[in-house]
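The block underneath contains the structure these notes are about, expressed in structure tokens.
A short reminder: the numbers here are calculations on the coordinates, not readings from a lab. All values derive from a computational prediction rather than experimental measurement. Positions of Cβ are generated from backbone atoms using ideal geometry, with glycine treated the same way; all protein chains shown enter the neighbour counts.
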Amino acid sequence: MVALAVIPGIVLLVYIWKKDSVEREPVSLLIKLFLWGAATVFSAFILENIFCFLFGLFLPETSIVYIAIENFLIVALVEEGGKYLIFKWKAWNNREFDHTFDAIVYTVAISLGFATLENIGYLIGETIGLAILRGLFAVPGHMIDAIFMGYYLGIAKWYSVYGNPKECKSNMIKGLWIPVLLHGFYDFCLSSGSDLFLIIFFVFEIGLTIFTINRINYLSKRDTPLYGFSNYWYNTQPTQPPVNTTPNPPVNNFPPQNNNGNQL
């Protein structure tokens, strides 16, 4: 059963890693991020239980308000917030972070580390059927949230490098709260006890999965160097872009292009 809990996370991580077609990230770095993501399971467990207990003092646990607070503001925020903090701590200033798509690879590694350890906890003593269901929905759900997080954090890094703190901050905020909303909606639909929300859940997840796969294929082909050219970081981290490589703002947020309309 442990193998069934671990395999989905490993397979999905390898899939995203191979999508990083320009310059693949070191396996050693991804293993570290995966393990740090797994470690956030413990802090999430503690914080979620504390906050659920506190809100349970004021609201009936069966009320729709409590269910919404539990899933959006407690579970989703604590779990996605933990992944976000690991990214900021371990990946944001890492010298390997030199392309926009790298952020997606990092956040996926962190998130799948969390999802894999969580999956092991859920599946100990359970049936193969539950393992299959979680492998099809829960683990990929964590990955999808991570892809959205990494997408915006990659854009934020680009704006940071090219001296636009306002846009950097805006995308950092999106990089946290959009995954929180997606995660919260996923959990809320499953926790509501409503057949209607269950139908909405399946329709939404299928549509979101198709959209995300298409988006990953698109972003993989349009990966963008953060420092003008791939290995610039290894000489010096620029405080401004190299001469004659200053791009215009990203087209549709991604990727940057130069003044001739060519991708950098």
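Couple of notes before you dig in:
- The percentage of C-alpha pairs in the stretch 127-172 whose separation is greater than 13 Å is 61%.
- Per residue, the convex hull around the alpha carbon atoms of the stretch 174-221 comes to 62 Å³.
- C-alpha center-to-center spacing [the stretch 52-104, the stretch 7-36] in angstrom: 21 Å
- Sparsely packed loop sites in the stretch 36-99 (the chymotrypsin sites (Phe, Trp or Tyr not before Pro) outside DSSP H, G, I, E and B with at most 12 other Cβ atoms within 10 Å) comprise Phe58.
- Cross-link partners for Lys32 among the lysines, with Cα-Cα distance under 27 Å and sequence neighbours closer than 8 places in the same chain left out: Lys18, Lys19, Lys83, Lys88, Lys90, Lys157, Lys169, Lys174, Lys221.
- Kyte-Doolittle mean at least 1.0, axial Cα span of 30 Å or more - DSSP H helices of the chain: 27-56, 102-123, 195-221
- Mean shadow area of the stretch 1-64, taken as a quarter of the surface of its Cα convex hull (nm²): 7.1 nm²
- Under a Gaussian network description of the chain, with springs only between Cα atoms under 10 Å, the residue in Asp223, Asp102, Asp195 that fluctuates furthest is Asp195.
- Given R0 = 22 Å, the distance between the Cβ atoms of Val2 and Phe42 translates into a calculated FRET efficiency of 0.75.
- Temperature 37 °C, viscosity 0.692 mPa s: under these conditions the Stokes-Einstein estimate for the stretch 87-186, based on its Kirkwood radius over C-alpha pairs, is 228 µm² per second.
- Relative contact order (%) - criterion: Cα under 8 Å, at least six apart; region: the stretch 12-89: 34 percent
- Placed amide H near His99: partners under 5 Å, 5+ positions off or other chain: Leu226
- Rounded FRET efficiency, nearest 0.05, which uses the C-beta distance separating Val27 from Trp92 and R0 of 22 Å: 0.65
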